[in-house]
Amino acid sequence: MHDGQRLLPQGQPERRHHVPADRCRLGPGAGARSRHGERDLPQLQNSYGGGESGSTGVESAYNHAGIAVTASSGDGGFGVEFPASSPHVTAVGGTSLRTASNTRGWTETVWSGAGSGCSTVYAKPSWQHDTGCSRRTIADVSAVADPNTGVAVFGPNGSGSSAFLVFGGTSVAAPIIAGVYALNGGTVNFGADPYAHTSALFDVTSGSNGSCGGTYLCTGKVGYDGPTGLGTPNGTAAF
C-alpha cells in the first residue's frame, strides 16, 4: 500500500484526489458552459468559480427557468465566488462525511474548504431569510466534499490500470446535488425548493471554514449556515 492510499471496505486500494472548483477569469465563455445542453438537460452543474467583479455581464446565462442549475461554492474556505453567488443557481457547499453509530449511520461536519459568505453584487432571493447578509448568501445546500472522506470512483489511475479513486471538493458536491434534482424529477424554481422542504435535509451543525466572528456565515449552526446551507439531502423531497 502506497502513501495516500487506504483500503475500501471491499479491500481495494483507494487514492484520494481533490477536484478543484476551478478559479477563472469569467467572460462570455463562462456563460456558454451553462447554456450548453439547455434544450436537452433538466439539470446543469457548474464546477468552477471566480470573483464577482465583472460577473453581471454573464449572469443571465445562469437564468434557466424550470431547470436546476447547481454551482460549487469554492474550495478556498470562507469567501464568495461566482457563479455560486448568482440568485438563479443552487449554491452547493461542502461537508466532511464519516461513519457513526447513530440511526443514520453517518455524521457530517462543515468541510473547512467550502466557500461561503455574502455577495457584494447580487440581491437576496425572496426565499432566503437569513439576517447576516443584506444580499445573496452562499451556500444553499451541501454534499460531501472533503477529499479525505470523498466519493469513490473506479477508473484509470494513470499507471495503465484501474483502481478505486476518491475525489473531493465542491466540484464533486455540485454534481451530486444536480443528480438529486434529477432523481426527484419535479418542477424546479431556481434554488427555492430546499427552503420549502427543510425537513428533507440533514442539518449540519458543527465545524467551520474560516474566521467570521463565530457567526453562521462560516460556522455550522442549527438551521441555516453559510458553509453547508440548509444541509445535505435526506432523500430527494427537498429538490
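The values are calculated or read from the model by the stated rules, or taken from the named source; none is laboratory data. Please read these numbers as outputs of a predicted model, since none were measured by experiment. With ideal geometry, Cβ positions are generated from the backbone for all residues, glycine too; neighbour counts draw on all protein chains shown.
Key figures
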| item | result |
| --- | --- |
| Residue in the stretch 182-239 that is nearest to G117 (Cα to Cα), counting only those that are of a type in the set (D, E, K, R) and surrounded by fewer than 21 Cβ atoms within 10 Å (Cβ to Cβ) | K221 |
| Odd one out for D40 among (1) of a type outside the set (A, V, I, L, M, F, W, C); (2) surrounded by 20 or more Cβ atoms within 10 Å (Cβ to Cβ); (3) modelled with pLDDT under 95 | (2) |
| Hey, I177 at pLDDT 95 or above, within 17 Å of S208 (Cβ to Cβ) and under 17 Å from the mean Cα position of the chain (by Cα) or not | no |
| Failed item, numbered, when S142 is tested on (1) at pLDDT 95 or above; (2) under 16 Å from Q43 (Cα atoms) | (2) |
| Some residue of the stretch 207-230 being of a type outside the set (A, V, I, L, M) and either assigned to a helix (DSSP H, G or I) or touching a Lys or Arg at 6+ places or on another chain (Cβ under 8 Å) (or both) | no |
| Among the candidates G168, G155, G150, residue that is farther than 25 Å from S126 by Cα, under 14 Å from the mean Cα position of the chain (by Cα) and at pLDDT below 95 | G150 |
| Of residues in the stretch 112-124 being in a strand (DSSP E or B) and out of contact with any Phe, Trp or Tyr (no Cβ under 9 Å at 6 or more places or on another chain), the one nearest to P227 (Cα to Cα) | C118 |
| Total residues in the stretch 79-111, condition surrounded by fewer than 19 Cβ atoms within 10 Å (Cβ to Cβ), part of a loop (DSSP other than H, G, I, E, B) and either among the charged types (D, E, K, R) or in contact with a Leu (Cβ under 8 Å, 6 or more places away or on another chain) (or both) | 1 |
